[in-house]
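Notes for the one structure printed next.
The values are calculated or read from the model by the stated rules, or taken from the named source; none is laboratory data. Fair warning: this is a prediction, and the values are worked out from it, not measured in the lab. In this analysis, Cβ positions are derived from the backbone assuming ideal geometry, glycine residues included, and neighbour counts consider all displayed protein chains. Only protein heavy atoms, including side chains, enter the accessible area calculation; ligands, DNA and RNA are left aside. Shrake-Rupley method; radii C 1.70, N 1.55, O 1.52, S 1.80 Å.
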Amino acid sequence: MQQIAHKKDIPSELTVKIEKLSNLGYGIARLDGYVFFVENACPGDIAEIRVTKKNKNYANGVITKILEPSPYRCEPFCPMQKVCGACQLQFIDYDFQIKQKKEIVIDAMRGINTKIKDVIPSPKIKEYRRKIQYPVSETKDSKRILAGYYKTNSHEIVNIKYCPIQPHYVDEIIDFIRNAAKEYNISGYNEKKHSGDLRHIVVRSSEYSDKNLVILVINSVKVLGKVKILANAIYENFENVSGVGINLNPLKTNLIMGEKTEIIAGESYIEEKLCDKIFKVGAETFFQVNPSSADNIFEYVKKYISENFENPLILDAYAGITAFGICLSDIAKKVVSVEENKASVDLASKIIKENGIKNVELHNMDAGKFFEKELNTKGRNFDITILDPPRKGCSQESLDYALKLTKNKIIYVSCNPSTLARDLKYLINKGCSVNYIQPFDMFPHTYHIENVAIININ
Ligand SMILES: C[S@@+](CC[C@H](N)C(=O)[O-])C[C@H]1O[C@@H](n2cnc3c(N)ncnc32)[C@H](O)[C@@H]1O
């Protein structure tokens, strides 16, 4: 293999051996201190690569020829895997994927004194995705509607007719929308010009009931009449569509949904089952994309708490529809939940009533503000605080408040190893220790990995 002494010496083409995966799913190879991030590469591959970008300490590359394939390569089960950006790792054997994901977590947690357990695999590795969000556009000349995931590192839509990681009937619903939209003269969105009618198709699909909630995201109220006809047609044509709504998002933004969703036909939610309780999931409410893997996480946390605490007082922060709080209500003296999204809190309130739960207290507020208010008013001392923030993690202020409010353990649930590592380091500096981290594979064939960190307040 070639040797590289300086950045200027990096050739445009070279031979490398792929060592492991990066946190974004690229194959990592090293030569003389330079790191190469290689697309669609599997640890163990020996391959010729073409360098696509040179930076100070690293370069990006693509494989031009595999000289010796890794023994962990396999045939992707989706014919679109090479073009579609949704499943980066489908050409890697699943057992090896989860071993690699553990390495990704170990790398992210470097410098943190803790044990990282083996990844708990997803119970399903196909048809697991239950939240589908396809951007929509149209072809230039024939104005055919395109809907699917983006190509890797681009906003070019791959028109996906069959996606094996989601239930097959979702493909049928989406194909119906493609054809009917054209028939009703509804155009696809043009992101550059911020023009066109239909921006996104969102489907929330229940693993528990097989029912589906379909949301059509439109660019302007002007098309409301036509899109209402389409919404009713979807509802009438599919028995397993239990509701169809229209969401208005007139802004030039990467956010998928606008603020308001109007349900045109049927119900405003689907039902899902976790820890033997029935939950309601709405158009705008957070719910884990892989319900059976999520159930593993909720049961795991419940078992950990029931084995270590008796009748604890629990704070469930960044609660969504209070999935943790409601699952834990059986083993808690009381659960106090805080969530900023009103639609989620409204649904949580319904779920609590329907499940006959009496010991869950809901707060619709920013978590940091709630922590501060709680300290200044009731100042309850929680045995356990569950933190399950979005990918950006928690603010230092929120972590400080959470520490003051918690007597014994923080259970930090995270979908982003790097912000989890940052927040754990902050808590360790404040005197905490991290008992262990349990990773769960919620997103087979992608580089994403969910972690549960058990934190001792010393
Ligand atoms: C990763 S989700 C977790 C939801 C829930 N624990 C579950 O597993 O279903 C994060 C949640 O935090 C909420 N959120 C984001 N920022 C927040 C904030 N500053 N205060 C309160 N909730 C927030 C989001 O609306 C979302 O429901």
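Apart from one condition, T285 fits all of (1) more than 16 Å from the ligand (Cβ to nearest atom); (2) modelled with pLDDT under 95; the exception is (1).
Of all residues in the range 378-388, at least one satisfies being within 13 Å of the ligand (Cβ to nearest atom), open to solvent by 20 Å² or more (accessible area, probe 1.4 Å) and under 21 Å from L420 (Cα atoms).
G379 satisfies every condition listed in (1) within 20 Å of E307 (Cα to Cα); (2) in contact with a Leu (Cβ under 9 Å, 6 or more places away or on another chain) except (1).
Considering the range 6-31 alone, what residues qualify as being among the β-branched types (V, I, T) and more than 13 Å from I46 (Cα to Cα)?
Step one: filter the range 6-31 for residues among the β-branched types (V, I, T), giving 10, 15-16, 18, 28.
Answer for the range 6-31, where residues must be among the β-branched types (V, I, T) and more than 13 Å from I46 (Cα to Cα): just I10.
Would you please name the residue that is surrounded by the fewest Cβ atoms within 10 Å (Cβ to Cβ), looking only at residues in the range 225-249 that are part of a loop (DSSP other than H, G, I, E, B) and touching a helix residue (DSSP H, G or I) at 6+ places or on another chain (Cβ under 8 Å)? The qualifying residue surrounded by the fewest Cβ atoms within 10 Å (Cβ to Cβ) is N240. Being away from the ligand (no atom under 16 Å from the Cβ) and among the β-branched types (V, I, T), is that true of even one residue in the range 415-432? So far as the range 415-432 goes, yes, one or more of its residues are away from the ligand (no atom under 16 Å from the Cβ) and among the β-branched types (V, I, T).
Can you pull out the residues in the range 296-314 that are within 12 Å of the ligand (Cβ to nearest atom) and touching a residue at least 40 places away in the same chain (Cβ under 8 Å)?
Our first condition is that a residue be within 12 Å of the ligand (Cβ to nearest atom); within the range 296-314, this holds for 297-298, 301.
Within the range 296-314, I297, V301 qualify.
Would you check if I411 is under 20 Å from Y304 (Cα atoms) and within 15 Å of the ligand (Cβ to nearest atom)? Walk me through it before giving the result.
Details: under 20 Å from Y304 (Cα atoms): yes; within 15 Å of the ligand (Cβ to nearest atom): yes.
Taking the combined requirement at face value, the residue satisfies it.
For the range 435-458, a tally of residues being surrounded by 22 or more Cβ atoms within 10 Å (Cβ to Cβ) and more than 30 Å from E127 (Cβ to Cβ) returns 1. When restricted to residues that are more than 14 Å from V452 (Cα to Cα), of a type in the set (D, E, K, R) and modelled with pLDDT of 95 or more, the range 379-418 contains 6.
Within the range 1-56, the set of residues being modelled with pLDDT of 95 or more, assigned to a loop (DSSP other than H, G, I, E, B), surrounded by fewer than 19 Cβ atoms within 10 Å (Cβ to Cβ) and among the charged types (D, E, K, R) comprises E19 only.
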